[in-house]
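Working notes, structure below.
Each reported figure results from applying straightforward, stated rules to the coordinates on display, with no laboratory input. A quick note: this is a predicted structure, and the numbers were derived from the prediction, not measured. Here the Cβ positions follow ideal geometry from the backbone for every residue, glycine too, while neighbour counts run over all protein chains shown.
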Amino acid sequence: MTEQLIEGSSAGITQAVRTVAIDVDSVLADVMLIWSDEYTKRSNRAVTKKDITAWDIPTILPVSPDEVYKYFSYVWKFRWREIPPTEPKIGEVTKKIHRKGYRISILTKRERPTAPYVAKWLDLHKVYADELLFVYDAVPKANYPFDVLIDDAPKNLVDVVPPKSAILFNQPWNTTFKWPVRVNALSEAEELL
Ligand SMILES: [Mg+2]
């Protein structure tokens, strides 16, 4: 490994570009704000994002796993323009990461029908991306090529092992998960990179 690196540098190969994988739902797009609103409309039970204190929503709200996904897909298909970014000028933050020399991989696991709307949302908010990866199966995010992952889902972080690393994006459903590096905003993560 070390020999290879030395050979590489002596051959004039430029320093390897580091890749940051950024999640979409609840890292770039504050989708649970609209999900909660949709749930409130359909159930007549007032719920806000703050109430979603568990990853597994059916354990805290009277809703089935199918309904959770159904509302989620509905929100992306029909209300995607209402989904706010997690902070203003999120596109600028991604450009800042790009200017620091990182490759940006947007890595998002989702239902196939929502993919085009996610792409539209990313364009609308001028999110910089070198690649856009829509994951439809159950392959863990940790298996994808990146150096740093920024995600809000504990289940995506647990498999990340050195030399890869991960930054947890704080959300009401991950407060009890033990993880050393946490941020409240993408701009905070940008400062750590
Ligand atoms: Mg997420």
Worksheet item: P(r) for segment 130-193: what percent of alpha-carbon pairs falls in each 10 Å bin, starting at zero?
Response: 20, 53, 27, 0
Worksheet item: Going highest first, how would you order 174-185, 116-127, 50-61 by mean Cβ packing within 10 Å?
Response: 116-127, 50-61, 174-185
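Work out the FRET efficiency for Thr40 and Asp137 from their Cβ-Cβ distance, taking R0 = 30 Å, and round it to the nearest 0.05.
On the way: r = 32 Å, r/R0 = 1.06.
The pair Thr40/Asp137 has a calculated efficiency of 0.40.
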Discussion item. Given a Förster distance of 25 Å, report the FRET efficiency between Lys77 and His98 from their Cβ-Cβ distance, rounded to the nearest 0.05.
Written reply: 0.30
Worksheet item: Once you treat every alpha carbon in the chain as an equal point and sum by Debye, what is log10 I(q)/I(0) at q = 0.08, 0.11, 0.19 Å⁻¹?
Response: -0.28, -0.52, -1.45
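Suppose R0 equals 22 Å. What FRET efficiency, 1/(1 + (r/R0)^6) with r the Cβ-Cβ distance, do Ser64 and Lys178 give to the nearest 0.05? Working shown, then result.
Numbers: r = 30 Å, r/R0 = 1.34.
The pair Ser64/Lys178 has a calculated efficiency of 0.15.
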Discussion item. Just to be sure I understand: of the beta bridges DSSP finds with both ends in the chain, what percent are antiparallel, rounded to 5?
Written reply: 5 percent
